[in-house]
């Protein structure tokens, strides 16, 4: 009986670890596409109706902005070639319940190797017949301190 319980626990742990890995891979692919302005790569891990929101905190007050996926993809595709962007994810906290996953990823955002801002991304993903798709992204943005 103990052996059956142990094997069951090992199986479930392995399955959850594999799912977490697949969620993380989708997020990594999203950012690989963003860093190279490859919107097709980004779209490959995003749902059709992707919604993006940002929370900006400032001394003058907080604001919430909403972008459509098309607006976001266009903004990435039109970044001039002399500007290099990089979003460095500092960690991943992934939770999964069936066909839904959530990932919390603190980040730092760099423009031409200079820290622009930081914050946290919150991703919601949907398992679409075995493929994790990003359906919602909201992030916070905190300006970096000037040098």
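Data overview
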item	result
For residue 99: the one exception among (1) more than 14 Å from the chain's Cα centre (by Cα); (2) surrounded by 13 or more Cβ atoms within 10 Å (Cβ to Cβ)	(2)
Check on residue 101, within 23 Å of residue 132 (Cα to Cα) and in contact with a helix residue (DSSP H, G or I) (Cβ under 8 Å, 6 or more places away or on another chain)	yes
Filtered residue count, region 63-90, keeping only those that are surrounded by fewer than 10 Cβ atoms within 10 Å (Cβ to Cβ), closer than 19 Å to residue 30 by Cα and in contact with a strand residue (DSSP E or B) (Cβ under 9 Å, 6 or more places away or on another chain)	1
Single condition residue 60 does not satisfy, out of (1) free of Cβ contacts under 8 Å to residues at least 24 places away in the same chain; (2) under 18 Å from residue 20 (Cβ atoms)	(2)
Residues satisfying the stated conditions in region 15-62, i.e. surrounded by 14 or more Cβ atoms within 10 Å (Cβ to Cβ) and in a strand (DSSP E or B)	46, 47, 50, 51, 52, 54, 55, 56
Selection within region 102-114 - more than 21 Å from residue 21 (Cβ to Cβ) and surrounded by 15 or more Cβ atoms within 10 Å (Cβ to Cβ)	108, 109, 110
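No lab work stands behind these numbers, since they all come straight from the coordinates. What you see is a predicted model, and the numbers here were worked out from it, not measured in a lab. FYI the Cβ positions are ideal-geometry reconstructions off the backbone, even for glycines, and counts take in every protein chain you see.
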